[in-house]
Structure formats: structure tokens, C-alpha cells
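What follows is one structure encoded as C-alpha cells, with my remarks underneath.
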Amino acid sequence: MLKQRVITAAWLAPLVLIGLFGLQGAGFALFTALMVLLGAWEWTNLAGVAQPVKRAALVAVCAMLMLLLWLADMALATWPLWLAAAGWLLNFIWVTRYPSLGSQWQTTPRRLLMGLWVLLPCWVGFNILRDAGAVWLLFVLLLVWSADIGAYFAGRRWGHRKLAPSVSPGKTWEGVFGGMVATALLALGFAFGLSMGLADGIALVVITLLVTLISVLGDLLESMLKRYRDVKDSSQLLPGHGGVLDRMDSLTAAIPLFALLFLQVLSL
């Protein structure tokens, strides 16, 4: 298993980095669309759609929505980011009240609808941040990775209080706080490196802490769906690593919400 993980990471990491930072405009939009559509394919299974033809048709619908957004000038189409904000508020309620509120989201049509406000705004957020400058896309990626690393080490060292035991028993509040410390330091480093003023620097730290919490919710949402669907991974598309959603679950929450806050508060 470890050997397979290393082999997959060896070709996947360079491919993703080249796609995210070597492409711009339509090329970048197409690359990120492919990532999100692979996630959409996995989401259809998590939603309870088993037939490949129906799953492909649903992915095609998602692709058409992306094309329409692109043709409508996506830089102006910020409504999906607001959709994400409202949708993740619902996701927060469902994750924190799992399984008592399961009847509100467990039907297949509702899980498919949930996928729209999780996946489509993520793609829009990717493109808005790339247009704003590769540095901000890099920042969000580092934010999610720093949160994961900080949570892992803090959780192993001090973790006692369970965060969401019915959804993901391994996660602790101490891990969350460790992730927030790591991302706050990251934000301070970026603010200093970009010579941001005091007000913008403080705003970046506050936004970072909020998005860190949201990224944890992204992880928990997928864990909840997999637990309900009784599957270990979202798919086996990435040998040794599970599926695409397993690798970008936190990003589906962090990317659109950071993009929205960036536009509303920073817009540097």
C-alpha cells in the first residue's frame, strides 16, 4: 500500500502543480474542470446513484453548467460563491447534528443537490483566485495543507476532546486548534512577505482562521457521506490514495469561501 501511494504521488503531484500554476485562462479552467468533474463522478456514487449511464449523465449536466458560467464571464458570476456560503451553513448544521437530522439530506436527489453547491462553487473559486494571482491560489493550498499538518501533530500530542465522534472519531478539538495556529502563522508570514498594511494583515489572519474551520467542515462532510454510504473511499481513481474527493474534500469548502471573502474584504 505504501509503495502504491508513493508511486501515485510521484506522478500526481507534478501534474497537479503544473496544471494549477503553469496554466492560465481557458487552459486552467479546463484543467480544474476536469478535477471537479472527476469529483462529481464520485459524488454521484456517494449520492446513491449506481448506474454508470446515469452517473455520466449527471456529470455531463455539471459540465454544461460550468460551460455556461464560463461563457457568461465567470469573473462576474460570483453568485456560486454566495450559494456556497449558504450551502455550507446547511452542511454545518447537518454534520454537527448527524445522525439526528439525516432525513433532511439522505435522499438521493438532495445529496445530488448538495453536490452542486459543494463542487460548482469550488471550480468558480479556483478560477477567480487564479485570475487574482497565483499567489492567492498558492496561499489557499498551503492553508489547507498547514491545517492538516498542524491538526495531525497537535491531535497526536494533545488530542482528547472529540470533535465529531459520530462522523469522524479520530478528529479532536485540540487538532483543530493546532491547525489554526499553523495557518495563523502562515497568514502572518504572507502578510509580512507581501508587505501588507496592518488592517489588511489583520483581515487576512481573521479570514484564514475562518477558512481553516471551514476546511475542517469540508473533510467532515465527506466523512459523513461516506459513513452513510458505507464506503471507505470516494473511489479508487488514485491507487493508494482513494478518490479525487478524498484528496480535495477540504478544498471544496476552503476555495469558494476564501474566494468570496477575498473579493468582499481584501481584493488586493
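The residue of region 92-107 that is farthest from the chain's Cα centre (by Cα), among those that are in a helix (DSSP H, G or I) and in contact (Cβ under 8 Å) with a residue 24 or more places away in the chain, is GLY102. Restrict the check to region 224-241 and report whether at least one residue is touching an Asp or Glu at 6+ places or on another chain (Cβ under 9 Å), of a type outside the set (Val, Ile, Thr) and at pLDDT 95 or above. So far as region 224-241 goes, yes, one or more of its residues are touching an Asp or Glu at 6+ places or on another chain (Cβ under 9 Å), of a type outside the set (Val, Ile, Thr) and at pLDDT 95 or above.
Filter region 218-268 down to the residues that are among the polar types (S, T, N, Q) and either in contact with a helix residue (DSSP H, G or I) (Cβ under 6 Å, 6 or more places away or on another chain) or over 24 Å from VAL124 (Cα atoms) (or both) and list them by number.
Result: SER234, SER235, GLN236, SER250, THR252.
From the list LEU83, LEU89, LEU113, the one residue that fits, being at pLDDT below 95 and either part of a helix (DSSP H, G or I) or crowded, with 20+ Cβ neighbours inside 10 Å (or both), is LEU83.
Take region 217-261 and flag every residue that is more than 21 Å from PHE31 (Cβ to Cβ) and among the aromatic types (Phe, Trp, Tyr). Residue satisfying the conditions is TYR228 alone. Pairs are defined by a Cβ separation below 6 Å, a sequence spacing of at least 6 or placement on different chains, a first member in region 15-39 that is free of Cβ contacts under 8 Å to residues at least 60 places away in the same chain, and a second member that is outside any helix (DSSP H, G or I) and surrounded by fewer than 19 Cβ atoms within 10 Å (Cβ to Cβ); the pairs so defined are PHE31/LEU23.
Restricting LEU257, LEU238, LEU245 to residues that are of a type in the set (A, V, I, L, M), farther than 17 Å from VAL135 by Cα and either crowded, with 23+ Cβ neighbours inside 10 Å or touching a Cys at 6+ places or on another chain (Cβ under 6 Å) (or both) narrows the list to LEU245.
Of the residues making up region 158-183, those that are in contact (Cβ under 8 Å) with a residue 12 or more places away in the chain and of a type in the set (D, E, K, R) are ARG161, LYS171, GLU174.
The values are calculated or read from the model by the stated rules, or taken from the named source; none is laboratory data. Keep in mind the model is a prediction, meaning the values are calculated, not measured. No Cβ is skipped: glycine too gets one built from the backbone with ideal geometry, and neighbour counts run over all protein chains shown.
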